[in-house]
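To keep things clear, I will list the structure first and then write my remarks on it.
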Amino acid sequence: MTQGTTRAARRRYYDERETWPQERREADLFARLPAQIAHAKAHAPAYARLLADIDPSEITSRAALARLPVVRKSELLELQQRERPFGGFAAVGWGREVLRVFASPGPIYEPEGNRPDHYRMARALFAAGFGEGDLVQNTFSYHMTPAGSMMETGAHALGCTVFPAGVGQTELQVQAIADLKPNAYTGTPSFLRILIHKCREAGVALSLRKAFVSGEAFPPALQREVAEAGIDAYQGYATADLGLVAYETEAREGLVLDEDVIVEIVRPGGSEPVPEGEVGEVVVTTFNPVYPLIRFGTGDLSAVLPGISPCGRTNTRIRGWLGRADQTTKVKGMFVHPSQVLAVASRHPEVRRARLVVENPNLSDVMILECEVAQGDDDLRQAIETSLREITKLRGEVRFVPPGSLPNDGKVIDDRRKYD
């Protein structure tokens, strides 16, 4: 009997929702959303405060959702220090509903609920070819951080058996490959590469044939090396707070969004969604009853890809991780935040987009606010410079550039200082 399942021998999609028309998916998500917001208000003290004036029954569209405040991950550390253990964002306390508590760097604490596949990773693993009968060598950490549990619970939901290898101990991991012959791998792509090389050095036949990798970049050169080793590897985008956000499919064109999240791409430092295709910050709303995050700003940059995936999944696709949105910098001893740049631009409707460039000719900090405007004159320039000084408490120059000329990379602050 052949170990594991083959893609040809199983159903093509995890569930029927993956091929729903987009209109049906949107209707379903926003029909469910009011109850989730009401649940968050009733059981999570932070949302009782943040959404005190919000009627959940009115939040039935993306436009309505966009009026709610964004809670950014960068704020969670301070919020959790004020209100233990989860900053008031968890809807339950200790007991049967919370199986584990994990700590991400900071530390920021996250609860794992008692539902099967709490992090919804099964969908992504299924798209990567995982299924009943697979033996998965899970090399994500089981200590303190949730990555190990995220992969294990998703694999269990598919009927896989898991070898909880954890991180490091390379020689023992190679020995396990020789003895157990696992056919599937979860972990970082760099550690997968190490295992490939170590197996070759030890003369151990590499049994791994499929992989789901996350946690770091998976560049094309490494993708080719893994494929040449006979491993079909897929990427995913997930966080400790949100679980699965998006996943790669056999089409290899961007990442398809999970069916149980609402994803917005917003102006970095702000809350306004950007036009489709423009790079911005990933903001996610979940339907998790234990940790009901509403408009949670991940701090990650991405952009929506137009159209649907050739694999047949109809949900929105994103380009994957494109950097960090938190571009706060210090100029002449003063912090300047992306939200301040957006506040300057919002005062002047002539400005379509703006980017603050920070340079240091002669080792002296200089701010230049580049503004996309159709027509600009000295009066507008002076008015914007005044707004910049009032909001940042720093003097800066304003430079007009043609509409559409600023790079589509999500940057609101571009720090170009050099200290060589």
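The values are calculated or read from the model by the stated rules, or taken from the named source; none is laboratory data. Because the structure is a prediction, the values reported are computed rather than measured. Cβ: placed from backbone, ideal geometry, glycine included. Neighbour counts: every protein chain shown. Note: areas computed on protein heavy atoms with side chains; ligands, DNA, RNA excluded. Shrake-Rupley method; radii C 1.70, N 1.55, O 1.52, S 1.80 Å.
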**Report entry** Links that overshoot a 23 Å alpha carbon limit, given the list K73/K393; K73/K418; K73/K332; K73/K411
**Finding:** K73/K393; K73/K418; K73/K332
Report task. For G113, enumerate residues with amide H under 5 Å from its amide H, sequence gap 5+ or separate chain, H modeled in the peptide plane. Result -> L99
Requested in this report: Rounded to the nearest 10 degrees, what's the angle between the helix 378-392 long axis and the longest principal axis of the chain, both from Cα atoms, 0 to 90?
Outcome: 60 degrees
**Report entry** Note, ³J(HN,Hα) from phi for segment 22-31, Karplus 6.51, -1.76, 1.60, rounded to Hz, x at Gly and Pro
**Finding:** 4, 5, 5, 4, 4, 4, 5, 4, 7, 6
Query - Helical contribution to [θ] at 222 nm, DSSP H n ≥ 4, -39,500 (n - 2.57), averaged over the chain, rounded to 500 - result: -8500 deg cm²/dmol
Report summary line: Length gained if E225 through N408 is fully extended, taking 0.36 nm per residue and subtracting the Cα-Cα distance, is 62.8 nm
Query raised in the report: What ranking of T145, T139 comes out by heavy-atom accessible area, probe 1.4 Å, highest first?
Result: T145, T139
**Report entry** FRET efficiency, Q375 to A217 (Cβ-Cβ, R0 56 Å, nearest 0.05)
**Finding:** 0.85
Report task. Provide the net charge surrounding R347, with neighbours chosen by a C-beta distance below 13 Å and charges set as Lys +1, Arg +1, Asp -1, Glu -1. Result -> -2
Report task. Enumerate the amide H contacts of E278 below 5 Å, restricted to partners 5 or more residues apart or on another chain; note that Pro and chain-start residues carry no placed amide H. Result -> V304
Query raised in the report: Tell me, what ³J(HN,Hα) does each residue in segment 103-111 have, in order and in whole Hz, if you take phi through Karplus 6.51 cos²θ - 1.76 cosθ + 1.60 with θ = phi - 60° and put x for Gly and Pro?
Result: 10, 9, x, x, x, 10, 9, 10, x
Report task. Return the lysines within reach of K210: Cα separation strictly under 23 angstrom, same-chain partners fewer than 8 residues apart disregarded; answer none if there are no such residues. Result -> K181, K198
Requested in this report: Compute, for E26, the solvent-accessible surface of its heavy atoms (probe 1.4 Å) with the complete set of protein chains present, and express it in square angstrom to the nearest 10.
Outcome: 50 Å²
Report task. State the answer as a single residue: which of V401, G297, A176 lies farthest towards the positive end of the charge dipole of the chain, with beta carbon charges of +1 for Lys and Arg and -1 for Asp and Glu, about the Cα centre. Result -> A176
Query - Modelled FRET efficiency - R0 51 Å, K181 with A64, Cβ distances, 0.05 increments - result: 0.45
Query - Amide H within-cut-off set for G299, under 5 Å, with H built and near neighbours excluded - result: K73, V282
Requested in this report: At a 1.4 Å probe radius, which order do H39, H337 fall into by accessible area, largest first?
Outcome: H337, H39
